[in-house]
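K.L.:
Dropping a structure here in structure tokens format, bear with me for questions.
The values are calculated or read from the model by the stated rules, or taken from the named source; none is laboratory data. Keep in mind that this is a model prediction, so the values were computed, not measured. A quick note on method: Cβ atoms are made from the backbone with ideal geometry, for glycine too, and the neighbour counts reach across all protein chains shown.
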Amino acid sequence: MAEEGSGHVRNKQVMFKDYITGFPEESDMYVNTDNTVILKLPEDSNGILLKNLYLSVDPYLRLLMQKFNTSGVFSPFTPNTPLRGYGVAKILESRDSKFKTGDLVWGAVGWEEYTVSTNTEGFFKIEHTDVPLSYYTGILGMPGMTAYSGFFELCSPKKGEYVFVSSASGAVGQLVGQFAKSIGCYVVGSAGSEEKVNLLKNKLGFDEAFNYKEEPDLNVALKRYFPEGIDIYFDNVGGKMLDAVLLNMKFLGRIALCGMVSQYNNLERPEGVHNLISGIFKALRIEGLQVYRYYHLYPNFLEFILPLIHEGKIAYVEDIVEGLESGPAALAGLLRGRNVGKQVIVVARE
Ligand code: NAP
């Protein structure tokens, strides 16, 4: 407990319990209310002290809940330490001249009220505060950069092309679809409920959308929506959908391998992709995406996206839950498709 006058304050945390297989459960995490922190950087620190405001709930966090070879891209969580991920925070103290007390940033934080970061690498200063700060967990943060770099850099899109997006109503998918529409593509999205399908068609401007859970044969479904084939597939799910898409790609099509959320709970026995030979027959370009390789484009991205937000030319759907206590259910729910739009946790409102 925090002792008055000791300089300690409570630092509530969402802790990772132990490595798992299968779907994450709320009980794989727990909230620790006994932890405290001193709100002062150690003398020898070159880092920053952060008050966390919003946390981003992302599918890749599931990959950190087990020891799995990610070729050094991610390190797994350590049991009985706080989860960590992207978040929006306010700087309480800084030993780096790039940042000062009171600055708002987004970057890697713990799932906790306060984070002491030993360095400032990977933190982006938030310069535009005339938008909701939570947007920096999504449309103006890592998922936004994922949609922007994945679609415009990897997919080489052209006006009039046929674009398919899976997990289309999520943080990344909803933006990819709207980017594609903005340059005159025909866009179809798949999602896991009628509510999400309606959102895609009625709010997010997709030309068509379907519920993949209601389709007994994904190949047949794709032929219905793309009788002439698909030019660009933005893959957020992998697995059976990727396999069916390969049969429906057009000659010289492009596939961005952004995510494989359908496989994240089954990493020991991932589903095979059987139709890869289409890649040869159709001369496809299939490329994996790592968003951080494109972070140097962040200023260009802001120049592109901020006017769209200010002029109301892009819709953005968030699913916001209050308090660190909501964290375990939010992450477990994300891997079951319970989120509608970008899943965000409010830790504190400034
Ligand atoms: P999201 O779409 O907002 O949320 C995850 C969604 O995944 C769920 O709502 C659910 O939607 C869907 N899902 C869950 N289990 C599924 C399954 N078995 N089969 C198909 N869909 C399933 O997440 P996001 O943040 O936008 O991320 C989308 C993808 O991009 C993820 O694969 C993520 O890992 C990836 N990503 C990659 C990078 C990169 O650098 N490569 C960066 C960011 C994100 P439904 O209800 O529609 O099933």
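K.L.:
Return yes when Ala348 is under 25 Å from Met260 (Cα atoms) and either surrounded by fewer than 18 Cβ atoms within 10 Å (Cβ to Cβ) or out of contact with any Cys (no Cβ under 8 Å at 6 or more places or on another chain) (or both) and no when it is not.
P.N.:
No.
K.L.:
Has segment 160-170 got any residue that is in contact (Cβ under 8 Å) with a residue 60 or more places away in the chain and of a type in the set (D, E, K, R)?
P.N.:
yes
K.L.:
Test each condition in (1) within 27 Å of His296 (Cα to Cα); (2) within 13 Å of the ligand (Cβ to nearest atom) for Lys125 and report the one that comes out false.
P.N.:
Of everything listed in (1) within 27 Å of His296 (Cα to Cα); (2) within 13 Å of the ligand (Cβ to nearest atom), Lys125 misses just condition (2).
K.L.:
Would it be correct to say that Ala256 is within 15 Å of the ligand (Cβ to nearest atom), under 15 Å from Tyr162 (Cβ atoms) and in contact with a Cys (Cβ under 6 Å, 6 or more places away or on another chain)?
P.N.:
Taking the combined requirement at face value, the residue satisfies it.
K.L.:
Scan segment 231-240 residue by residue and report those that are more than 14 Å from Tyr60 (Cα to Cα) and within 16 Å of the ligand (Cβ to nearest atom).
P.N.:
Result: Ile232, Tyr233, Phe234, Asp235, Gly239, Lys240.
K.L.:
Residues that are without any contact (Cβ under 8 Å) to a residue 60 or more places away in the chain, small (Gly, Ala, Ser) and away from the ligand (no atom under 15 Å from the Cβ): does segment 214-227 have at least one?
P.N.:
No, the conditions are met nowhere in segment 214-227.
K.L.:
Scan segment 56-99 for residues that are touching a helix residue (DSSP H, G or I) at 6+ places or on another chain (Cβ under 7 Å) and assigned to a loop (DSSP other than H, G, I, E, B) and jot them down.
P.N.:
The answer is Val57, Thr70, Phe74, Pro76, Phe77, Leu83.
K.L.:
Still on this structure: For residues in segment 171-184 being free of Cβ contacts under 8 Å to residues at least 40 places away in the same chain and hydrophobic (A, V, I, L, M, F, W, C), which is surrounded by the most Cβ atoms within 10 Å (Cβ to Cβ)?
P.N.:
Phe179
K.L.:
For segment 22-36, which residues satisfy the criterion of being polar (S, T, N, Q) and either within 15 Å of the ligand (Cβ to nearest atom) or outside any loop (DSSP other than H, G, I, E, B) (or both)?
P.N.:
Result: Ser27, Asn32, Thr36.
K.L.:
Looking at the structure I just gave you, is Asp243 within 15 Å of the ligand (Cβ to nearest atom) and out of contact with any Leu (no Cβ under 7 Å at 6 or more places or on another chain)?
P.N.:
yes
K.L.:
Only one of (1) within 15 Å of the ligand (Cβ to nearest atom); (2) more than 24 Å from the chain's Cα centre (by Cα); (3) crowded, with 22+ Cβ neighbours inside 10 Å; (4) of a type outside the set (Ser, Thr, Tyr) is not met by Asn248, so which one is it?
P.N.:
In the conditions (1) within 15 Å of the ligand (Cβ to nearest atom); (2) more than 24 Å from the chain's Cα centre (by Cα); (3) crowded, with 22+ Cβ neighbours inside 10 Å; (4) of a type outside the set (Ser, Thr, Tyr), Asn248 misses (1) alone.
K.L.:
Now a separate question. Tell me, yes or no, whether segment 231-240 has at least one residue that is farther than 16 Å from Phe151 by Cβ, not assigned by TED's automatic domain parsing to the domain that holds Tyr60 and not in a loop (DSSP other than H, G, I, E, B).
P.N.:
Checked against the condition, which is being farther than 16 Å from Phe151 by Cβ, not assigned by TED's automatic domain parsing to the domain that holds Tyr60 and not in a loop (DSSP other than H, G, I, E, B), segment 231-240 yields at least one hit.
K.L.:
Now, a different point. Looking at Val163, Val197, Val187, which is the one that is in contact with a strand residue (DSSP E or B) (Cβ under 6 Å, 6 or more places away or on another chain), farther than 20 Å from Leu289 by Cα and buried (at least 24 other Cβ atoms within 10 Å of the Cβ)?
P.N.:
Val187 is the lone residue from the list that is in contact with a strand residue (DSSP E or B) (Cβ under 6 Å, 6 or more places away or on another chain), farther than 20 Å from Leu289 by Cα and buried (at least 24 other Cβ atoms within 10 Å of the Cβ).
K.L.:
Given the criteria part of a helix (DSSP H, G or I) and buried (at least 20 other Cβ atoms within 10 Å of the Cβ), does Leu50 qualify?
P.N.:
No.
K.L.:
Would you check which residues across segment 89-105 are among the small types (Gly, Ala, Ser) and in contact with a Gly (Cβ under 9 Å, 6 or more places away or on another chain) and list them?
P.N.:
Listed by number, the residues that qualify are Ala89, Ser94.
K.L.:
Return the residues of segment 184-209 that are farther than 21 Å from Pro227 by Cβ, charged (D, E, K, R) and part of a loop (DSSP other than H, G, I, E, B); say none if nothing qualifies.
P.N.:
The one that is farther than 21 Å from Pro227 by Cβ, charged (D, E, K, R) and part of a loop (DSSP other than H, G, I, E, B): Lys203.
K.L.:
Just for helices (runs of 4 or more DSSP H) wholly inside segment 263-344: which have at least 3 residues that are within 14 Å of the ligand (Cβ to nearest atom), farther than 24 Å from Gly72 by Cβ and not charged (D, E, K, R)?
P.N.:
Once the helices (runs of 4 or more DSSP H) in segment 263-344 are filtered for at least 3 residues that are within 14 Å of the ligand (Cβ to nearest atom), farther than 24 Å from Gly72 by Cβ and not charged (D, E, K, R), what remains is 327-334.
K.L.:
Also, quick follow-up: Among the residues of segment 37-47, what is the count of those that are assigned to a strand (DSSP E or B) and within 20 Å of Gly87 (Cα to Cα)?
P.N.:
Counting residues in segment 37-47 that are assigned to a strand (DSSP E or B) and within 20 Å of Gly87 (Cα to Cα) gives 1.
K.L.:
Could you list all residues from segment 171-183 that are within 11 Å of the ligand (Cβ to nearest atom) and in a helix (DSSP H, G or I)?
P.N.:
Answer for segment 171-183, where residues must be within 11 Å of the ligand (Cβ to nearest atom) and in a helix (DSSP H, G or I): Gly173, Gln174, Leu175, Val176.
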